[in-house]
Structures are given as C-alpha cells and as structure tokens.
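I have placed the structure first, in the form of structure tokens, so that the comments after it can refer back to it.
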Amino acid sequence: MAARSKAIEQASERGTSLVDSAYAALKQAIRESVFAPGYQASAGELALRLGVSRTPVHEAALRLQEEGLVRILPKRGILICALAPQDIAEIYEVLIAIEAGAAELSARMPEPARIALADELDRATDAMGRALATGDLDGWGRADETFHRLLVERCGNSRFLRIIQTVNDQSHRARMLTLRLRPRLPSSEAEHRATSDAIRRGLSGLAREAARRHRIRARDELLPLIESVGLRHM
C-alpha cells in the first residue's frame, strides 16, 4: 500500500513538472513571438513544436489563458492573443501605479536593505549600458526587464508582484517588438539611476516620482511610435 502511494505521489510530481515545463516553454515562445500574435494551433501541434506531450500543453494553456496570453477555442485549438494599442495603454497604467508604489516602499526599507537593492538595480543599469554600447539590443531589453523586476520583487509587497506578473509578459512582447525603433534608449539609464539613487538615500517621495516619470516617458514614447508604424496588433 505504501509503495503504491509513493508511486502515485511520484507520478503526480512528474505530471506537475511536465505541466510546469510546458507552461514555461509556451510562455517563452509567446514572449519572444516564436508563436506570433494571432497564431492559432491545436494543443497537439504546439506540443509537437515544443517537444512535449499534448496533455501538459493543454494544462499550461489554461494557466496562460488566465494571464491573458492565449484563448482556448473549443474544438478549434489555442489562439495566441494579440495586443492592441489600447491594451498597451492600459498595461502602462498598471506599471506606472505599481512601480511608483514599489519605489516608494523600497526607499522606506531599513538602510542595509535599501543599499543592497540599489546596488542590484545599478548593476542591471550597468548591464544595459554595456549592451547598448555593443549594439546588443536584446541584451539591453533583458537587463531593462531585470531592473523593473527587481524593483517590484524587493519592495516587500507580494501583492504588487502578483498583480504585475499578469501584465509583464504582455508589456515585454510590445517592448521587444518596438525596441529597434525607439530613439531614446539611453534615457532609460539616467532615469533608472535617479530611481535607485533615491532608494539608496531613503527619499521615498523622490523615488516614487522618479519611477513614475520613467514609465510615463516610456509610455508616451511607445504609443505614438506604435501608431506611426501602423501596428494595430502585437
């Protein structure tokens, strides 16, 4: 009886691992536009392309549907959701509010925690500068994403993190799609340093405003750019 129970437990763990692997692989493919917005396929076809079995893909799709990345169409397969400019505007409203709050909370942390976070944020910003100097725009995007992830992860409010995770993958897709068209990438580095410096010094109001201004500037640059190149969906 004990042996059977252990076998069931191991099988359950393997099943969870397979679903988690399918979820991670499918999400990454969507984030990097391997499966482009509007692409539609059966769970079996996606499983074949990802090198996993069909059942974990279906379970993974249920999770991704909750995050707004796919829609499951009964008897028609799985549709990769597209983002319209209005979606991007709404996503940025979430980013502006939460990251401003996260920066303010971070600046209120005890000094050792503030300094440790500011150091990590500066390292991410340094990586952005190195990537931009060598023309590695994908590397710049990854370092930029690291900065913003750390800002929310380390602020001490776990609900901020859960909320922002639902829009981060969507905003990443739009950011990477337009990265090579944006003219003011170096501006992000100075704005990042203003945020990390305010956190380091414990200036909560200044940290909040620096983070807020940064995301507003990015939004006000990105939305007209999307319109100018005629992108209706991303």
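The values are calculated or read from the model by the stated rules, or taken from the named source; none is laboratory data. Quantities reported herein were computed from a predicted structural model and do not represent experimental measurements. Using ideal geometry, Cβ is built from the backbone for each residue, glycine included, and neighbour counts are taken over all protein chains shown. Note: accessible area is taken over every heavy atom of the protein model, side chains too, but ligands, DNA and RNA are not part of it. Shrake-Rupley method; radii C 1.70, N 1.55, O 1.52, S 1.80 Å.
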Seminar exercise, completed: PRE zone check, label point 7 Å out along Cα-to-Cβ of E111, amide N under 20 Å, scope the stretch 198-214, hits 198-207
Problem set entry | Normalised contact order of the chain, rounded percent, pairs of Cα under 8 Å and 6 or more residues apart | 25 percent
For this session: Name the residue farthest towards the positive end of the dipole of the chain from the options G141, S204, G77, assuming +1 on Cβ of Lys and Arg, -1 on Cβ of Asp and Glu, about the Cα centre.
Result: G77
For this session: Take the solvent-accessible surface of the protein heavy atoms, probe 1.4 Å, and return the percent of it on the chain that carbon and sulfur atoms account for.
Result: 53 percent
For this session: Answer rounded, prolate or oblate for the chain, using the Cα gyration tensor with square roots of eigenvalues a ≥ b ≥ c: rounded when a/c is under 1.5, else prolate when a/b is larger than b/c, else oblate.
Result: oblate
Exercise. Based on Cβ point charges of +1 for Lys and Arg and -1 for Asp and Glu, what charge dipole magnitude is obtained for the chain about its Cα centre, in debye rounded to the nearest 20?
Worked result: 400 debye
Exercise. For the peptides 55-67, 192-204, 159-171, what is the packing order when you average, over each peptide's residues, the other Cβ atoms within 10 Å and list the highest mean first?
Worked result: 192-204, 55-67, 159-171
Problem set entry | Computed magnitude of the charge dipole of the stretch 56-131 (debye, nearest 20; Cβ of K, R +1, Cβ of D, E -1) | 460 debye
Seminar exercise, completed: Karplus ³J(HN,Hα) for the stretch 210-224 (6.51 cos²θ - 1.76 cosθ + 1.60, θ = phi - 60°; Hz, whole; x = Gly/Pro) runs 5, 5, 5, 4, 4, 5, 5, 4, 4, 4, 5, 8, 6, 5, x
Exercise. Quick one: accessible area per residue over the chain, 1.4 Å probe, rounded to a whole number of Å²?
Worked result: 51 Å²
Exercise. Classify the stretch 41-172: rounded, prolate or oblate, from the alpha-carbon gyration tensor (a ≥ b ≥ c, eigenvalue square roots; a/c under 1.5 rounded; otherwise prolate if a/b is larger than b/c)?
Worked result: prolate
